[in-house]
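The structure under discussion appears below in the form of structure tokens.
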Amino acid sequence: MSMFSWTLHGDGKEIAPGAAVAPDERLTYPRTIGIGMQHVLAMMGATLLVPAITGMPAATTMFFSAVGTALFLTITRNRVPSYLGSSFAFLAPLAAAGVNSANAPLDAATISKGLGGVLLAGVLLALVGVAVNWLGADWIAKLMPPVVTGTIVALIGLNLAGTARDQWEASPWTALVTLVAVLVSMVAFRGFLGRIAILVGALIGAAFSALRGEWTTALDSLGGLTPAEYIGQAAWFGTPEFHSPTFDPSVLVAFVPVVLILMAENIGHLKSVTAMTGRNLDAETGRALFADGLATTVAGLGGGSGTTTYAENIGVMAATRVYSTLAYWAAAVFALVLSLVPKFGAMVAVIPTGILGGLSVLLFGLIAVLGGRIWVENRVDFTKPVNLVAAAVALIVGTADFTATAGSMVFNGIALGSIAALAIFHGLGWIAKVRGSDSESSHGTPVDTEA
């Protein structure tokens, strides 16, 4: 049977109690399209937050999100239900490259410099996928045991704390209302609304900011237009704004640690989907990593944000019990259509900074806490000196954003913190082994970290 054919589940209308729609099955086409639209709504809040924070074109991000999802489904032979949205792991290195909404409107040269790093990370991740296909995935766990992976995830979130503070201070009351709305939505709503709490909170924050007149204040970054005027003059139909990458060695190195996070997210996603569907997807690990790497590479070539598998869409699958990959094809098509609506992209581009501040405090904090989750779930033993000092030093270096230069290359806190975690763990571990002391940490498989 062709990988592009799906068997109708039952009558295509109902799912029996305890049953589920498998990846190679489908419901009726109208129902499949509806579920695909839900997947787009679920990922939209987080995916569009990245261009809102970075100042990159939102429509372009959506376009490459759709293209990346289609590539992922094709390369994994429609066996892994997944949507590829924007990865928060790119925010810190992009900010180091000057790609930040605080510098809006961004010129083409600045965007291109950031895209060079996105492209580099994508190529490296694709190469990891090829290596996993040949050698298996055991070497990943040895290179990046949970103490190292958890530390790098945590320091990326903590490194962004200053950005969240600056956005919050731009409009504290709007930021507070937005944050509270998201938090309440996460626990007050059940089912699908709870899964799109970020989007719900952003909409409530937008309404509050409108009452404060933040949508009607003329902004220099918009050429003296108000956000409402900027949205009004945007066309209904058009192509996204594309950019090509340039390569600046002084910022490229900051993107290398992102590859470790993308690896953790993809492997964790496969584990989650395996648990939900009952189908062992370990054999797809190499293909999944290569597919996400290729999708990120393509995004870097044209102006999109780096991509990753999305936990938000796992929530939709859990709620609907529909794991059909055809629903993800429907999501990719729907996202592609949205990317061709410039007015939609304009709405994202003019989100008041206070709203971003409220969302960023939560999301960046979640990244940091998820690093701790990796430690807990893998039972990292911090009574062992190697584990303790590897995490301790790296966290301070990353959080304080230490910098170092080597010729034309500039190493920021994320790069230095990641190097410190790897060097200290493996270096001291080797010394401990030579000395015969028991300082080896537990190894394990990284878990899904996308918030």
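Of everything in region 58-74, what is at pLDDT 85 or above and not hydroxyl-bearing (Ser, Thr, Tyr)? Give them in sequence order. Correct list: Ala59, Met62, Phe63, Phe64, Ala66, Val67, Gly68, Ala70, Leu71, Phe72, Leu73. Determine if region 109-123 includes at least one residue that is assigned to a helix (DSSP H, G or I), more than 18 Å from Pro257 (Cα to Cα), open to solvent by less than 10 Å² (accessible area, probe 1.4 Å) and among the β-branched types (Val, Ile, Thr). For region 109-123, residues assigned to a helix (DSSP H, G or I), more than 18 Å from Pro257 (Cα to Cα), open to solvent by less than 10 Å² (accessible area, probe 1.4 Å) and among the β-branched types (Val, Ile, Thr): present.
Screening Ile424, Ile431 for residues that are open to solvent by 70 Å² or more (accessible area, probe 1.4 Å) and modelled with pLDDT of 85 or more leaves exactly one candidate, Ile431.
Quick check on Leu27: is it in contact (Cβ under 8 Å) with a residue 12 or more places away in the chain and touching a helix residue (DSSP H, G or I) at 6+ places or on another chain (Cβ under 8 Å)?
Details: in contact (Cβ under 8 Å) with a residue 12 or more places away in the chain: yes; touching a helix residue (DSSP H, G or I) at 6+ places or on another chain (Cβ under 8 Å): yes.
Judged against the criteria, Leu27 is a match.
Kindly check whether there is at least one residue in region 296-308 that is farther than 18 Å from Ala121 by Cβ and surrounded by fewer than 24 Cβ atoms within 10 Å (Cβ to Cβ). Within region 296-308, none of the residues are farther than 18 Å from Ala121 by Cβ and surrounded by fewer than 24 Cβ atoms within 10 Å (Cβ to Cβ).
Suppose the filter is in contact (Cβ under 8 Å) with a residue 12 or more places away in the chain, within 26 Å of Ile374 (Cβ to Cβ), in contact with a His (Cβ under 7 Å, 6 or more places away or on another chain) and not aromatic (Phe, Trp, Tyr); does Pro81 pass it? Explain how you work it out, then say what you get.
Numbers: in contact (Cβ under 8 Å) with a residue 12 or more places away in the chain: yes; within 26 Å of Ile374 (Cβ to Cβ): yes; in contact with a His (Cβ under 7 Å, 6 or more places away or on another chain): no; not aromatic (Phe, Trp, Tyr): yes.
Against the criterion (in contact (Cβ under 8 Å) with a residue 12 or more places away in the chain, within 26 Å of Ile374 (Cβ to Cβ), in contact with a His (Cβ under 7 Å, 6 or more places away or on another chain) and not aromatic (Phe, Trp, Tyr)), Pro81 does not qualify.
Among the residues of region 127-146, write down those that are part of a helix (DSSP H, G or I) and either in contact with a His (Cβ under 9 Å, 6 or more places away or on another chain) or surrounded by fewer than 20 Cβ atoms within 10 Å (Cβ to Cβ) (or both). Break it down into steps so the answer makes sense when it comes.
At the first step, the residues of region 127-146 found to be part of a helix (DSSP H, G or I) are 127-135, 138-143, 146.
Answer for region 127-146, where residues must be part of a helix (DSSP H, G or I) and either in contact with a His (Cβ under 9 Å, 6 or more places away or on another chain) or surrounded by fewer than 20 Cβ atoms within 10 Å (Cβ to Cβ) (or both): Leu127, Val130, Ala131, Asn133, Trp134, Leu135, Asp138, Trp139, Ala141, Lys142, Leu143, Pro146.
Filtering region 162-186 to residues that are farther than 14 Å from Ala52 by Cβ, aliphatic (A, V, I, L, M) and modelled with pLDDT of 85 or more leaves Leu176, Val177, Leu179, Val180, Ala181, Val182, Leu183, Val184. Return a yes/no flag: does region 400-415 have any residue that is within 19 Å of the chain's Cα centre (by Cα) and either closer than 19 Å to Ala92 by Cα or part of a helix (DSSP H, G or I) (or both). Yes, that holds for at least one residue.
Residue under question is Ala327, and the condition is that it be over 17 Å from the mean Cα position of the chain (by Cα) and open to solvent by 10 Å² or more (accessible area, probe 1.4 Å); does it hold?
Working: over 17 Å from the mean Cα position of the chain (by Cα): yes; open to solvent by 10 Å² or more (accessible area, probe 1.4 Å): no.
So Ala327 does not fit the description; no.
Considering only residues that are among the polar types (S, T, N, Q) and modelled with pLDDT of 90 or more, look in region 277-310 and name the one that is nearest to Met43 (Cα to Cα). Among those that are among the polar types (S, T, N, Q) and modelled with pLDDT of 90 or more, it is Thr307.
The values are calculated or read from the model by the stated rules, or taken from the named source; none is laboratory data. What you see is a predicted model, and the numbers here were worked out from it, not measured in a lab. No Cβ is skipped: glycine too gets one built from the backbone with ideal geometry, and neighbour counts run over all protein chains shown. Only protein heavy atoms, including side chains, enter the accessible area calculation; ligands, DNA and RNA are left aside. Shrake-Rupley method; radii C 1.70, N 1.55, O 1.52, S 1.80 Å.
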